[in-house]
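The values are calculated or read from the model by the stated rules, or taken from the named source; none is laboratory data. Predicted, not measured: the structure shown is a model, and the values here were computed from it. Positions of Cβ are backbone-derived with ideal geometry, glycine not excepted, and every protein chain shown enters the neighbour counts.
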Amino acid sequence: MREIEKLYDRIIQRVNINLRELEFDVNPYAQKIIPFVQMVKFYAFYGISPHHPLNFQFRNSNLAGSYFLGRCKVVNSLLYKSDIRGDELKKQGSLFLYQDYAIPVSEDEEIDIQDSLLIKTLVHNYSHDPETLEKFFITDTISMNYANIHGSPSNGCFLGAFATVDLTTIRDCVIGNFSYVQAGEISHLNIEPGTIWVRNPGKFNFFYQHQKEKMQDYIYFTAGSPPQGLFMDFIEDRKEAFQRIFDMVNMEHAIPVPNNASLDRFAVTKGQTHIGENVLVAQRAFIQNSWLGKGSNAQENCFIINSRLEGCNVTAHGTKICEADLGRHVFVGFNSFLRGRPDARLQIGADSIIMPHTIIDSREPLTIPAGHLVWGMIKTPKDLDTNSLSIEKFEAINSHTAIGGLFFEGSGAEFILTFRDRIEHILQANGAFFNGSDQKGHAQKNQYISFNTIQPYPEGMKKGLFPTIIIEP
Amino acid sequence: MNYTAKDLMMPFSEYATIPEGSTLFEAVLALENTKIEHGGAFYSHWMVLVMGKDGKVLGKLSQLDILRALAPRDKFTDKLDEMGKFGFSSNFISTMREQYRMQKTSLESGLMLSALIHLYPEEYQTHKSSLEEFYAQPGTLNMKVEDFMKTIAENEFVDENTSLDTAAHMMFMKNRLSLLVTREDRFIGVLRLSDVFSAVLNTMKEAVSEEKAI
């Protein structure tokens with residue numbers, strides 16, 4: 001047996017041990033989609049920039065098609081086409097604010113991945129756990145296609161396809177397909193597919209579950225077969241455009257990019273696309289015939305097609321927007337799927353918040369008025385009655401409510417305030433407010449990145465494994 | 001007085017039992033018909049023992065277990081109950097449950113019925129469903145006691161010579177309302193919380209009066 005297969009078995013065993021209490025076996029999920037053939041072929045690449053710390057350690061791992069930035073360590077792991085984006089890690093000497101504490105960060109934070117298998121996964125942000133400030137750990141964890149591990153240290157967990165954990169430390173948990181969890185700290189939970197759970201203890205609790213049958217049209221992934229459904233087909237149909245940009249060493253942008261904006265060389269742009277000032281387009285984003293107004297951003301694995309984003313729009317990791325017009329300052333959360341039709345466009349009014357993992361897929365023209373909170377699955381204009389509420393009315397909730405499939409307890413005003421603060425922070429971090437001298441963010445800093453590639457052993461027992469590599473300034 | 005478990009227990013022969021295979025309705029009747037005289041007073045048992053064919057205790061059935069078995073439940077109420085683990089308060093869960101019950105009984109549209117239709121459309125019924133109707137269903141009445149009894153855990157047995165304070169300790173540490181008293185491997189009686197509490201109270205009162213006498 002080759003080393004890479006031994007490594008796979010070792011990871012499966014470690015994760016299963018952690019998940020034994022939940023009686024969850026990860027092997028049937030992973031074994032069908034682990035692409036050993038491709039894993040020995042693809043190079044990995046890392047970014048070098050004056051704005052980010054440079055410190056990589058890779059040992060006994062496969063990193064095929066994966067991207068690294070910042071300070072990352074990968075040991076005994078298999079990473080396939082994953083983005084390990086360490087451009088928001090904490091810096092030595094900074095203060096981490098938690099409740100009434102201001103805790104000094106003693107050294108530059110590091111993303112530390114050990115004994116894990118990540119497939120087409122995005123790792124971003126920084127550890128929000130006050131107990132592990134300098135280490136954003138991902139250990140004994142398996143994550144499937146298009147999962148997001150965002151500011152969430154993880155130990156002994158399985159994340160299904162299109163699952164997101166956000167600002168949450170997770171231990172010994174199963175996060176179902178297309179589930180979004182932002183709950184601070186959780187352990188030993190098996191989260192059903194299609195759950196959207198946002199909790200701040202003592203302040204609010206937002207809980208929604210997609211109807212199983214309806215969701216399966218979009219993503220269906222069960223033991224013994226690869227992920228299927230509309231989300232997978234959608235990405236597969238556009239896969240070819242990415243192959244070209246990964247095959248070429250030097251890429252020139254095909255469209256004009258303002259000098260205060262950033263279009264990643266591993267992003268795809270097609271047709272008449274406009275990149276406004278202070279715009280950030282991250283790697284693996286796909287923009288076609290679309291207008292990105294000043295200060296907007298498109299994160300990893302985003303698809304924006306035949307759409308117009310007026311400005312200061314946040315399009316979080318994995319979001320898909322087609323045939324839509326979004327007013328200013330609209331936030332679209334992780335992995336949301338918003339699809340109008342050429343003859344039935346989707347209009348979203350300014351300052352609206354589209355919750356993470358929302359599906360809007362209408363064949364009729366659909367308009368969401370300005371200042372609305374939207375969640376769940378909307379397939380007709382009538383569905384808006386049970387899947388949206390004006391932000392003003394939501395702010396007035398002060399005990400609890402249930403609307404359609406949504407259960408909410410706590411303060412609506414606190415909930416909206418938390419989202420508003422987060423959106424401002426994201427815009428700021430992405431450089432949306434850069435004024436020519438101050439408030440630089442990723443849109444300005446990420447222009448100055450060059451990329452180096454690294455390769456695995458081509459033959460022998462170590463075929464597919466990358467040699468031990470330590471890269472320092 | 002130095003009480004032991006055997007001094008305070010209710011002997012097995014006086015305790016309410018039903019054989020395995022009995023139905024929920026038989027268990028309800030068994031509990032109702034167990035007014036017994038003990039120590040000069042009449043008591044109602046709050047628990048019956050489920051006996052196996054070999055004469056061994058298989059499990060126990062309390063009023064709480066029967067209420068649990070008689071609680072109308074469906075996928076939606078199970079979902080509401082589960083929400084505790086997602087951090088929702090008990091007050092929230094009972095409020096939602098109460099709203100659901102009202103809407104199901106009246107079939108007047110409301111937030112809970114709309115949540116039910118969202119999550120489990122196949123569970124929605126167009127006829128009003130009352131509690132009485134549910135209690136009288138053959139499926140409810142004929143449930144076997146083995147399906148909702150509590151099996152006896154190892155730390156629920158206590159030797160007949162165990163002292164009062166150790167028995168009391170076992171009860172409050174494990175939140176037990178009763179312990180099964182054994183002689184060697186044989187089960188001989190039930191030590192109830194009320195018996196232990198009365199004995200502790202008596203001992204305390206005796207000690208106080210002796211103190212005063214000195």
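So that you can scan it fast, the table gives a plain yes or no per residue for (1) over 19 Å from the mean Cα position of the chain (by Cα); (2) among the basic types (K, R):
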position: A:I196; (1), (2): no, no
position: A:R244; (1), (2): yes, yes
position: A:M251; (1), (2): yes, no
position: A:V257; (1), (2): yes, no
position: A:S262; (1), (2): no, no
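Can you name the residue in the range A:189-215 that is loosely packed, with under 15 Cβ neighbours inside 10 Å and part of a loop (DSSP other than H, G, I, E, B) and, of all such residues, is nearest to the other protein chains (Cβ to nearest Cβ)? So, considering only residues that are loosely packed, with under 15 Cβ neighbours inside 10 Å and part of a loop (DSSP other than H, G, I, E, B), the one nearest to the other protein chains (Cβ to nearest Cβ) is A:P201.
Consider B:I93 carefully, then state whether it is within 14 Å of chain A (Cβ to nearest Cβ) and crowded, with 17+ Cβ neighbours inside 10 Å. The answer is yes for B:I93.
Of the listed requirements (1) in contact (Cβ under 8 Å) with a residue 60 or more places away in the chain; (2) part of a strand (DSSP E or B); (3) of a type in the set (F, W, Y), A:Y218 misses just one: (2). Count of the range A:53-70 residues, restricted to those that are touching a Gly at 6+ places or on another chain (Cβ under 8 Å) and either closer than 16 Å to A:K120 by Cβ or crowded, with 22+ Cβ neighbours inside 10 Å (or both), is 6. Considering the conditions (1) within 14 Å of chain A (Cβ to nearest Cβ); (2) surrounded by fewer than 17 Cβ atoms within 10 Å (Cβ to Cβ); (3) touching a strand residue (DSSP E or B) at 6+ places or on another chain (Cβ under 9 Å), B:Y120 is excluded by exactly one of them, (3). Looking at this structure, is A:G376 on the phi > 0 side of the Ramachandran plot, within 14 Å of chain B (Cβ to nearest Cβ) and of a type outside the set (D, E)? Yes, satisfied.
Taken as a whole, the range B:123-141 holds at least one residue that is crowded, with 16+ Cβ neighbours inside 10 Å and either within 22 Å of the chain's Cα centre (by Cα) or assigned to a helix (DSSP H, G or I) (or both).
Might you check whether a residue that is more than 14 Å from every other protein chain (Cβ to nearest Cβ) and among the acidic types (D, E) occurs anywhere in the range A:412-423? The answer is yes, given that some residue of the range A:412-423 is more than 14 Å from every other protein chain (Cβ to nearest Cβ) and among the acidic types (D, E). Only residues that are surrounded by 13 or more Cβ atoms within 10 Å (Cβ to Cβ), assigned to a loop (DSSP other than H, G, I, E, B) and at pLDDT 90 or above were counted in the range A:442-465, giving 7. Which of the residues that make up the range B:145-177 are on the phi > 0 side of the Ramachandran plot and touching a helix residue (DSSP H, G or I) at 6+ places or on another chain (Cβ under 6 Å)? Selection gives nothing. In this structure, is A:E240 part of a helix (DSSP H, G or I), of a type outside the set (A, V, I, L, M, F, W, C) and either under 20 Å from the mean Cα position of the chain (by Cα) or surrounded by fewer than 22 Cβ atoms within 10 Å (Cβ to Cβ) (or both)? Taking the combined requirement at face value, the residue satisfies it.
Filtering the range A:393-408 for residues that are surrounded by fewer than 21 Cβ atoms within 10 Å (Cβ to Cβ), at the interface with another protein chain (Cβ under 9 Å from one of its Cβ atoms), under 26 Å from B:K75 (Cα atoms) and in contact with a strand residue (DSSP E or B) (Cβ under 7 Å, 6 or more places away or on another chain) leaves a non-empty set. Looking at the range B:142-161 only, could you name the residues that are of a type in the set (S, T, N, Q), touching a Lys or Arg at 6+ places or on another chain (Cβ under 9 Å) and not in a helix (DSSP H, G or I)? Scanning the range B:142-161 gives B:T151, B:N161. In the range B:174-199, the residue that is modelled with the lowest pLDDT out of those that are over 18 Å from the mean Cα position of the chain (by Cα) and over 14 Å from B:M9 (Cα atoms) is B:D185. Filtered by the rule that a residue be buried (at least 23 other Cβ atoms within 10 Å of the Cβ) and over 29 Å from A:K294 (Cα atoms), the range A:409-437 gives A:E409, A:G410, A:G412.
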